[in-house]
Each structure stands twice: as C-alpha cells, then as structure tokens.
Amino acid sequence: MAISLPHQRPSSPSTSKLHQALLTTLSPLTLTHTHLSLPQYHPTLLATAVTTLTKIYSCPITPSLPQLLSAILPEETLPILFDTTGALLSGLDDQAKTILYIQAVTGLVLIFEHLCKHGDITAGVVDRELRLFEQSKQKRSVLERIEEGGLLGECYTVEAVVEFIVGVIDEQEKEEAVNEVEIEQVVTNEKVDWEMGSRPYGNMGLPWGFTIMALN
C-alpha cells in the first residue's frame, strides 16, 4: 500500500534538533535488499539512544529506559525489547522488528522534545511528562501512522524515514492546534449566547466532559 509523505514544515532550530535526534537514533537502520531493516538488535541500542538524546536536548536528568519505554509501547512488547538473548525478537519478521524499533525511537524523541520545553527539569517534571505522553493523542496518532504499513516500502533511506516522521508530527500538532481553537470558539459562543439569554446553560456542542455552567 502506497503512502503519501506528509507536508514538511520549514526548518527551525527546534525542527533541526528534531531532525538531528531522529537521524542519530535511527542510524542503525540499513538498506537490506529492497527495504530498510534493523540487521542486529540489542537492548543497548535503545540505551545508547537515550544517552544520545540526553546530550542533544541538554537534559540534566536521564530517565531510565524501562520508565521511558513503558510510556511509549504496550506492556506486552517490552519483554521483546529487553530480551538480551534475541529469542523473543526472533519471533518477529524483519519488518515488524524494524517498525517496532522506529516506534520506540520516535517515542523517545517526542518525550525529550516535551522535556526540553521546561526550563527546570526535575524528577517530578519527568514523571509528569511521561504520564501525559502515555495517554496523549500525539503518541497514538504518530505511532499508528508508523505502523499503518507502507513506510518501509516507500522510504529507502534513514533521511526519508525522518522526513516522514517529522511530517506526521507536524500534521498532528497542527490538528491539535485547530482543535484547541475550535474548543475556545465553542466556549466563547456558548458564553455569548448565555449572556444574551438565547440559550440555557449546559453541554451544547462541547467535547465530552466539558460543560458551561451558569453563575449565580
């Protein structure tokens, strides 16, 4: 199945750092026959990726690899990534193994992207960002796009994979920004309608869980 590469955003210092982080951590991927693959995997690959990202993003705290991966991937996949014998990984075909690695690395990079937005990074900040990322729409949509299929059939270089991932992240961020604006607009409209006395208070057009309450 063919995929369309997402629109690429203009280069910026943040984007450049994102590119650098993805290029560096995805460098173990190599072109084998007709597609990119991960010839050899060992848990130290991801541990090295975390160390590299800590330096790229100047993060004073290095979260543990199990802590990070638990916020990124389903619990049932973690034993595969931490298996030093390779026995569990051998049960995956080449494409599934490569996609899993790309998802893990992309999740790591996204977490560090969020962490670097904080001026003072503490253990509490790390714990909070991991909890937020674990439940985030960004994680679900970005990792699902990577897993949809076609990525390895269309992207034959690490650079192409990076451009695809950056484009997906950009699209998701734009969609999230639009949703926030729409929610603000709905809230504003409901407030105006209530003040004008044209509509009663209540949950009218707002996302689930949001309610406009009348004030006495």
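The values are calculated or read from the model by the stated rules, or taken from the named source; none is laboratory data. All figures in this text were calculated on a predicted structure; none of them were measured in a lab. Glycine gets a Cβ as well: all are built from the backbone with ideal geometry, and neighbour counts include every protein chain shown.
On the given criteria, is Glu113 over 21 Å from Leu36 (Cβ atoms) and buried (at least 17 other Cβ atoms within 10 Å of the Cβ)? Can you show your working first?
Working: over 21 Å from Leu36 (Cβ atoms): yes; buried (at least 17 other Cβ atoms within 10 Å of the Cβ): yes.
Yes; evaluated as a whole, the condition is true for this residue.
In the stretch 87-95, is there at least one residue being within 21 Å of the chain's Cα centre (by Cα) and either among the aromatic types (Phe, Trp, Tyr) or at pLDDT 95 or above (or both)? Spell out the reasoning first.
Residues of the stretch 87-95 within 21 Å of the chain's Cα centre (by Cα): 95.
Keeping just the survivors that are either among the aromatic types (Phe, Trp, Tyr) or at pLDDT 95 or above (or both) gives none.
Among the residues of the stretch 87-95, not one is within 21 Å of the chain's Cα centre (by Cα) and either among the aromatic types (Phe, Trp, Tyr) or at pLDDT 95 or above (or both), which makes the answer no.
Take Gly124 and decide whether it is in contact (Cβ under 8 Å) with a residue 24 or more places away in the chain, over 16 Å from the mean Cα position of the chain (by Cα) and in a helix (DSSP H, G or I).
Spelling it out, it is not the case that Gly124 is in contact (Cβ under 8 Å) with a residue 24 or more places away in the chain, over 16 Å from the mean Cα position of the chain (by Cα) and in a helix (DSSP H, G or I).
Exactly one condition in (1) in contact with a Pro (Cβ under 7 Å, 6 or more places away or on another chain); (2) within 17 Å of Leu18 (Cα to Cα) is false for Phe82; which is it?
Failing condition for Phe82: (2).
Answer yes or no as to whether His118 is assigned to a loop (DSSP other than H, G, I, E, B), farther than 21 Å from Leu29 by Cα, without any contact (Cβ under 8 Å) to a residue 40 or more places away in the chain and in contact with a helix residue (DSSP H, G or I) (Cβ under 7 Å, 6 or more places away or on another chain).
Taking the combined requirement at face value, the residue satisfies it.
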